[in-house]
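Structure first, then comments.
Read-outs throughout are calculated quantities, based only on the coordinates presented, and are distinct from any laboratory measurement. Just so it is clear, the structure is predicted and the values come from calculations on it, not from any experiment. FYI the Cβ positions are ideal-geometry reconstructions off the backbone, even for glycines, and counts take in every protein chain you see.
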Amino acid sequence: MSLSRPELAAVTAARQAAGEVGVFTNGCFDLLHVGHLRTLQAARELGDFLIVGLNSDAGVRRLKGAGRPIVPAGERAELLLALRCVDYVGLFDEPTALEMVAEVQPRIYVKSVEYAVQALPEREVVEGYGGEVRLVEIHAGRSTTDLVGRILAAHAER
């Protein structure tokens, strides 16, 4: 279910106090594709429940530029929640998920291997409260930006 940051923090604290392992990952997830699915599945396999921090529409525009997101945040959240591997979704508007991670405090914070652990702004916060950062395999050639490029190229050929 889609929850506010305080709700996510409360659910995470309760479930982790009961011995479960909370996993958190984040991203834009604009035009959900198989690369997203595989990364989310890999993240979920690391714990008992998966929280996805979802960039707001304004946040996606800041990161990806004009014309993005293609799919609005409410619909992106709905699609993510339809996946068996995703338990909770929460929106954030900041440039990184740092503040959300600091409040929610999942046991495991996951990003894809394209990121260096040392370069992740969330690393210090996660390690500071005793959590761990894990990197999961990415699936090359499966990005929303690549997908949009292929769609535009196919349209131009018509």
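Couple of notes before you dig in:
- Rounded to whole Hz, the Karplus (6.51, -1.76, 1.60) HN-Hα couplings of segment 6-11, x for glycine and proline: x, 5, 4, 5, 5, 5
- Cβ-based exposure ranking for 136, 126, 34, 21, in which fewest neighbours within 10 Å come first: 34, 21, 136, 126
- Segment 14-19 - phi-based ³J(HN,Hα) in whole Hz, Karplus 6.51/-1.76/1.60, Gly and Pro as x: 5, 5, 6, 5, 7, x
- Backbone HN-Hα couplings from phi across segment 51-67 [Karplus 6.51/-1.76/1.60, Hz, Gly and Pro as x]: 10, 10, x, 10, 4, 5, 4, 5, x, 5, 4, 4, 7, 10, x, 4, x
- Taking the Cα centre of segment 31-125 as reference, the dipole from Cβ charges on Lys and Arg (+1) and Asp and Glu (-1) amounts to some 360 debye.
- Comparing Cα centroids, segment 22-36 and segment 66-86 end up 9 angstrom apart.
- Other-chain or far-sequence residues with amide H under 5 Å of residue 136's (modelled H): 111, 112, 113
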